[in-house]
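So the structure is just underneath, and the comments pick up after that.
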Amino acid sequence: MITAKEALFSFCSFPNKLVRLVYFSVRRIGIFEAKTRLSAIVAEIMSQGEIFQITKHGRAVAELRPPSNEPTKPQRGSASGPGFWMAEDFDDPL
């Protein structure tokens, strides 16, 4: 089994370009196995950087992977739009 850190690299040549493709291994496990072995799975993710795809009846329902190192930034304007409503007296003293 190839871990995410031991990714396979291959090169494809397009017209006038050389593109490197990276393939990561994704281990598929059933939801029952994930429930019973969660601590071991998390330890494997922490030590080897594995990516696990959790399946239920053969269909992928979730992924467990190491967190990204990129800090998340708030999305400006996410509270504006037709789906957001705030009362007029929201900021009035109680």
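Worth a mention:
- Segment 27-94, relative contact order [Cα under 8 Å, separation at least 6], %: 25 percent
- Each peptide in 30-36, 57-63 receives the mean, over its residues, of other Cβ atoms within 10 Å, and ordering these scores from highest gives 30-36, 57-63.
Every number here is computed from the coordinates shown, using simple stated rules; none is lab data. Just so we're clear, the structure is a prediction, and the values are computed from it rather than from any experiment. We place every Cβ from the backbone using ideal geometry, glycine too, and count neighbours over all the protein chains shown.
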